[in-house]
1. In Å², what does the accessible area per residue of the stretch 139-241 work out to with a 1.4 Å probe?
2. For the chain, what is the charge dipole size about the Cα centre, in debye to the nearest 20, if Lys and Arg each add +1 at the Cβ and Asp and Glu each add -1 at the Cβ?
3. Over the chain, what is the relative contact order in percent, taking alpha-carbon pairs closer than 8 angstrom and at least six residues apart?
4. Could you give each residue of the stretch 277-284 its phi-based ³J(HN,Hα) in whole Hz, using Karplus coefficients 6.51, -1.76, 1.60 with θ = phi - 60°, and x for Gly or Pro?
5. How about K178: which lysines have a C-alpha closer than 16 Å to its C-alpha, ignoring those fewer than 8 places off in the same chain?
6. If you average the alpha carbon positions of the stretch 171-203 and of the stretch 112-140, how far apart do those two centres end up, in angstrom?
7. Rounding to the nearest 20 debye, state how big the charge dipole of the stretch 181-286 is about its Cα centre with +1 on each Lys and Arg Cβ and -1 on each Asp and Glu Cβ.
8. From the phi of every residue in the stretch 122-132, what ³J(HN,Hα) in whole Hz does the Karplus formula 6.51 cos²θ - 1.76 cosθ + 1.60 yield, where θ is phi - 60° and glycine or proline is x?
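The values are calculated or read from the model by the stated rules, or taken from the named source; none is laboratory data. Here the structure is a predicted model, which means the values were calculated and not measured. Here the Cβ is made from the backbone with ideal geometry for all residues, glycine too, and neighbour counts use every protein chain on show. Keep in mind that these areas ignore ligands, DNA and RNA; they rest on the heavy atoms of the full protein, side chains included. Shrake-Rupley method; radii C 1.70, N 1.55, O 1.52, S 1.80 Å.
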Amino acid sequence: MAAQSTKTVFLTTLFVFTISVFCSQAALDGHYYDQTCPQAESIIAQTVRNATIYDPKVPARILRMFFHDCFIRGCDASILLDSTPENKAEKDGPPNVSVRAFYVIDDAKAKLEKACPNTVSCADVIAVAARDVVTMSGGPYWNVLKGRKDGTVSKANDTTNLPAPFLNVTGLIQSFAKRGLEIKDLVTLSGGHTLGFSHCTSFLPRLHNFSAVHDTDPSMNANFASILKSKCPNSNTNGDAGQVLDSTASRFDNDYYKQLVAGKGVFLSDQSLYIDERTRDLVESFANDQKLFFSEFVSSMIKLGNVGVSEVGEVRVNCRKAN
């Protein structure tokens, strides 16, 4: 995912929600660093803000980084570990090649090590940065629960477990359920695609030779399909070509759901949320009520941030390698 406009709205606080901790092996705390590193969140926020000014793609990439990290081994910053001659790490798995923006986390971590050595985990940096890019792009604010430890294992093969853009709702439900996430979380967290961009390869099969009966996916709005076909011909060789995932790709809002209702979902997995009766009502509710979407997004992000969290691990000095 990548934002396309240089305009990024920086809002301080739109909504503040107090959410109880969901299932986790370790107790996280919104005030975890209040005594040991009280400036931690301001350091992360400033780093993210500066990076976004120079690269408007940062918010989408940081948000995607958080999702992809938590979906593999839980929220343990395993996505940040570099590959070695002996091991190909998660960041080099096919779904993560376009995540990028790792340098933003590196920069924030370096500043934190100067201010509070050996204190703030890389996993917490990602979680806080994900909140910050949402808020800075016009979305809700919440108190991030902190206290995660960093993992030491990262394998590229594990990225095959990430939800693919061609999955139907049944496949998506199963994938989310393995992480302790429910149907509401699936629909809500998919709204993160409001800050999204995709290259043609992720949706090209919907445009050409979709089935024996239809050349193009019939669930796609015909005019929208024509636009995408012009950008992504069947013989597409432009690796940079693609499409934003909603019409306000630099702003965090509920337009993503409005696009699904209009048949303009880019991924098959996205459009399936409106086609399937198990998820359609939620899509329509979020399309009609942005405040409801924001509230549920906060709840689901906190729930996602507790996936796989445990007290086993370390606080990495360098996020790219284990201590």
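1. Normalised by residue count, the accessible surface of the stretch 139-241 is 46 Å².
2. 420 debye
3. Value for the chain: 29 percent.
4. Using θ = phi - 60°, the values come out as 5, 6, 10, 4, 4, 5, 4, 5 Hz.
5. K303
6. Computed from Cα coordinates, the inter-centre distance equals 22 Å.
7. Value, rounded to 20: 280 debye.
8. Karplus values, whole Hz, x for Gly and Pro: 5, 4, 5, 4, 4, 4, 5, 4, 5, 4, 5.
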